[in-house]
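Single-structure report; data block below.
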Amino acid sequence: MKEGFVIGAGLIITGLVLQFSVGPIDWSLFAWPANIIVLYVFLLLSAIIYTFRSKAYGFRFLATSTCAVPALVMAAALTIIMGLTAQVAETSPPADFLGITKMLSFWPFVLLYLWIAFILAQVSMVQVLHFKWRRLPSFVSHLGLLITLLTATLGSADLQRLQMYTVLDETEWRGINERNMVTELPIAITLKQFIMETYDDGSPKRFASDIIIYTKNGDSLRATVDVNKPVEVRGWKIYQYGYDTAMGTESKLSILELVRDPWLPYVYAGIYLMLFGALTMFIVGVRRNKQ
Amino acid sequence: MSWEHFIYFAIVSILCWAYGAYAAWKNKTKTAYTFTGLGLLVFFAFIIAMWLSLERPPLRTMGETRLWYSFFLPLAGLIVYSRWKYKWILSFSTLLSVVFICVNLFKPEIHNKTLMPALQSPWFAPHVIVYMFAYALLGAATLMAVYILFFSKRKTENEEMEITDNLVYVGLSFMTFGMLFGALWAKEAWGHYWAWDPKETWAAITWFAYLAYIHYRLLPKSDVKTALWMLVIAFILLQMCWWGINYLPSAQATSVHTYMN
């Protein structure tokens, strides 16, 4: 396992050098089509590593538990640091000189997770090309995590998240992003009614918006957006976000959040694979271990 | 039904579990099953009654999640017992459950019926129940680890490690379910499936820690003591995730999970 820890330490040092030379990672640079190119490069590299695994011990080593344990321990360690330090918002620079208050842009953190992705890719390839039924839970879990990790990370730059302030009986088509920039949307929304119910103590029981949604090609759709019940129109999910809390039940303002995440289906594919992996691990894993 | 009535149900359940645990020591398997089962039934009746009177699942507060934990521990103990007939497992699971019941009795967190809109979701109950069951199983695995590390006089047997591994495998699969149900729910409620909220960060840490254990156990040459210590550490990290973050300065006011307070 020593070599695994050495590799991890090497990645951390490399990461620190990068952190101080090029600065924290700017994930917005990965916006389409950069992310798909990075994904192809990753897959190509993984395929090359797999092809030459019989030639190089280092390549074979990637698909072993001996390699996985140090990687997991070190990723956990950096994630613990993240859990112990207050993290800054995505839009602000790190609040410390190292960059650990913005862990998701901290090179050593990202390199360790990338290393895990390379391990997962090798394991997935070994397990699919030398398929054995008893390894199904393991294979599906590794593949699911790989897909989730890659698509969630690379897709994050394409995620659009906008807040829309809708006023009763008025039509709005602009949204504000995390950087407070106004963007025009391909859909417009009219607030017909803001619905609010409270408990006896006045705390909110339900708040929702009765809205009409207009799309660019002239279609319109009436819908109620509740907390926990977003409405989906043309790739945009519309969420009930907030209201004028000073006015409470009398609020004439409803804040909606509009989210577009083109990579979501792939992330979900990964999540469902992991769920299937967990299910089969529960059923089969126990028995397999008994042998 | 409210927390005032809890003590009666709790006493009956504890007596049943204690007698079941005693019967297990005396090799009266059937009696052990019957009484542990009976205790679980009584305890579950209280949970259901709470559910009905609150008009929402009792899953929101720390007190309410402890309620589930006290229920799942003897259940996990019973499952392990039925499978491997370990005499002492029911005593252990009962004892641990009693600890949680006592916390609820002496530090009751009485709450009203209100449930904020963000928690009114079909994902809510499965997310928390599955997690509590995972915690119970991993708690049982930690007990095994502590027992083998500190109390067992004999040389560690393969069978003991096999039980521990199985508990971790099942616990980890439930934990994965809990985590991913949470992700799917978060997408519906907050617009994104994973936001590195402090609870999520610690959930990831805990998950990695148990993954490290199962991979370590797969090594050609792994040391039993190291493996068991990994389990103890993993369970400490799990406590951070469960309630520790409520006391963590870095996690204050930023977590969507702070309603647990």
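A short reminder: the numbers here are calculations on the coordinates, not readings from a lab. From a predicted model like this one, the values you see are computed outputs, not experimental measurements. Methodologically, a virtual Cβ is constructed for each residue, glycine included, from the backbone with ideal geometry; neighbour enumeration extends over all protein chains shown.
If you plug each phi of region A:149-156 into the Karplus form 6.51 cos²θ - 1.76 cosθ + 1.60 with θ = phi - 60°, what whole-Hz ³J(HN,Hα) values come out, in order, with x for Gly and Pro?
After applying 6.51 cos²θ - 1.76 cosθ + 1.60, I find 4, 5, 6, 5, 6, 5, x, 4 Hz.
Compare the Cα positions of B:ALA125, B:TRP229, B:SER250 along the charge dipole of chain B (+1 at Cβ of Lys, Arg; -1 at Cβ of Asp, Glu; about the Cα centre) and return the one farthest towards the positive end.
Positive-most Cα among the choices belongs to B:TRP229.
Given DSSP loops and a limit of at most 16 other Cβ atoms within 10 Å, what is the longest stretch of chain B that contains no such GluC sites (Glu not before Pro)?
Working: sites that count: B:GLU55, B:GLU109, B:GLU157.
Excluding the exposed sites themselves, the longest stretch runs over B:158-261.
From the Cα gyration tensor of region B:1-112, with a ≥ b ≥ c the square roots of its eigenvalues, which class applies: rounded if a/c is under 1.5, or else prolate if a/b is larger than b/c, or else oblate?
Values: a/c = 2.27, a/b = 2.17, b/c = 1.05.
Taking the square roots of the gyration eigenvalues as a ≥ b ≥ c, region B:1-112 is prolate.
Other chains near A:58-65: what is the mean number of their Cβ atoms within 10 Å of each residue's Cβ? Intermediate results must be reported in sequence, preceding the final value.
Numbers: counts 0, 0, 0, 0, 0, 0, 4, 9.
Rounded to a whole number, the mean comes out at 2.
Got a sec? How would A:THR245, B:THR206 order by Cβ neighbour count within 10 Å, fewest to most?
Details: A:THR245 9, B:THR206 27.
By the 10 Å Cβ count, ascending, the order reads A:THR245, B:THR206.
Let me know the longest stretch in chain A that avoids all chymotrypsin sites (Phe, Trp or Tyr not before Pro) found in a DSSP loop with at most 10 other C-beta atoms within 10 Å. It would help to have the intermediate numbers written out before the result.
Values: sites that count: A:PHE97, A:PHE131.
Longest stretch, sites excluded: A:132-291.
Round to the nearest 10 and give me the degree value, 0 to 90, for the angle of helix A:34-51's Cα axis relative to the longest principal axis of chain A.
20 degrees
Non-local amide H neighbours of A:LYS192 (under 5 Å, H modeled in plane, Pro and chain starts lacking H): which ones?
Under 5 Å from the amide H of A:LYS192: A:ASP169, A:ASP210, A:ILE211, A:ILE212.
At most 13 other Cβ atoms within 10 Å and a DSSP loop assignment: could you name the trypsin sites (Lys or Arg not before Pro) in region B:166-261 that fit?
Details: sites: B:LYS187, B:LYS199, B:ARG217, B:LYS221, B:LYS225; in loops: B:LYS221.
When the trypsin sites (Lys or Arg not before Pro) of region B:166-261 are filtered for loop state and at most 13 Cβ neighbours within 10 Å, B:LYS221 remain.
What nm value, rounded to one decimal, do you get for the distance between A:LEU104 and A:ILE36 when each label is placed 7 Å out toward the C-beta?
2.3 nm
Counting only C-alpha contacts under 8 Å and six or more residues apart, can you give the relative contact order of chain A as a whole percent? Don't jump to the answer; show the numbers that get you there.
On the way: 464 pairs, mean separation 51.3, N = 291.
Over chain A, the number comes to 18 percent.
Pull out a ≥ b ≥ c, the square roots of the eigenvalues of the alpha-carbon gyration tensor of region B:120-261, then state rounded if a/c is under 1.5, prolate if not and a/b is larger than b/c, and oblate in the remaining case. Please list the in-between numbers first.
Working: a/c = 2.41, a/b = 2.03, b/c = 1.19.
Prolate shape, in that a/c is at least 1.5 and a/b is the bigger ratio.
What helices does chain B hold that run 20 Å or longer along their axis, going by alpha-carbon atoms, with a Kyte-Doolittle average of 0.0 or more, using DSSP H for the helix calls?
Details: long enough: B:6-25 (28 Å, 1.59); B:29-54 (37 Å, 1.55); B:62-84 (32 Å, 0.50); B:89-106 (26 Å, 2.28); B:124-146 (33 Å, 1.75); B:158-190 (46 Å, 0.38); B:198-217 (29 Å, -0.05); B:224-242 (27 Å, 1.86).
Flagged H segments are B:6-25, B:29-54, B:62-84, B:89-106, B:124-146, B:158-190, B:224-242.
Using only Cα atoms, locate the centre of region A:230-266 and the centre of region B:3-62, then give the distance between them in Å, rounded to an integer.
First find each Cα centre; the distance between them is then 43 Å.
Sort B:TYR8, B:TYR33 by Cβ crowding within 10 Å, fewest neighbours at the top.
Details: B:TYR8 11, B:TYR33 17.
The most exposed by this proxy come first: B:TYR8, B:TYR33.
What is the extension gain from A:ASP26 to A:ARG222, computed as 0.36 nm multiplied by their sequence separation minus the C-alpha to C-alpha distance, in nm to one decimal? Before the final figure, lay out each step's value.
Details: separation 196, 0.36 × 196 = 70.56 nm, distance 3.91 nm.
Full extension of this stretch gives 66.7 nm more.
Counting other Cβ atoms within 10 Å of each Cβ, which trypsin sites (Lys or Arg not before Pro) in region A:194-291 have at most 11 and sit in a DSSP loop?
Working: sites: A:LYS205, A:ARG206, A:LYS216, A:ARG222, A:ARG234, A:LYS237, A:LYS252, A:ARG260, A:ARG287, A:ARG288, A:LYS290; in loops: A:LYS216, A:ARG234, A:LYS252.
Listed in order of number, the matching sites are A:LYS216.
For each of B:HIS192, A:HIS130, B:HIS127, count neighbouring Cβ atoms within 10 Å of the residue's Cβ, then give the residues from fewest to most.
A:HIS130, B:HIS192, B:HIS127
Once you charge only the Cβ atoms, +1 for Lys and Arg and -1 for Asp and Glu, what is the size of the charge dipole of region A:161-260 about its Cα centre, to the nearest 20 debye? Let's see the in-between values first.
Values: 13 positive and 15 negative charges, 96 e Å.
Charge dipole of region A:161-260: 460 debye, to the nearest 20.
Just to be sure I understand the model, the point goes 7 Å from the Cα along the line to the Cβ. What's the resulting B:ASP223 to A:ALA47 distance in nm?
4.3 nm
Would you tally the net charge around B:PHE151, using a Cβ to Cβ cut-off of less than 15 Å, leaving B:PHE151 out, and scoring K and R as +1, D and E as -1?
Numbers: positive: B:LYS87, B:LYS153, B:ARG154, B:LYS155, B:LYS225; negative: B:GLU157, B:GLU160.
That sum, taken over residues with Cβ under 15 Å, equals +3.
Classify chain B as rounded, prolate or oblate from the Cα gyration tensor: take a ≥ b ≥ c as the square roots of its eigenvalues, call it rounded if a/c is under 1.5, otherwise prolate when a/b beats b/c and oblate if not. Please report the intermediate quantities before stating the final value.
On the way: a/c = 2.10, a/b = 1.14, b/c = 1.83.
It is oblate, given that a/c is not under 1.5 and a/b is not larger than b/c.
Using only the Cα atoms of the protein assembly as shown, what are the Rg and Dmax in Å?
Every Cα atom of the protein assembly as shown included, Rg and Dmax give 25.3, 78 Å.
Quick one: putting +1 on the C-beta of Lys and Arg, -1 on the C-beta of Asp and Glu, what dipole do you get for the protein assembly as shown around its Cα centre, in Debye to the nearest 20? Provide the component values of the computation, followed by the final result.
Values: 43 positive and 34 negative charges, 535 e Å.
Dipole magnitude for the protein assembly as shown comes out near 2560 debye.
Are there trypsin sites (Lys or Arg not before Pro) in region A:38-124 that DSSP puts in a loop and that have at most 15 other Cβ atoms within 10 Å, and which ones?
Details: sites: A:ARG53, A:LYS55, A:ARG60, A:LYS102; in loops: A:ARG53, A:LYS55.
Sites meeting the loop and neighbour criteria: A:LYS55.
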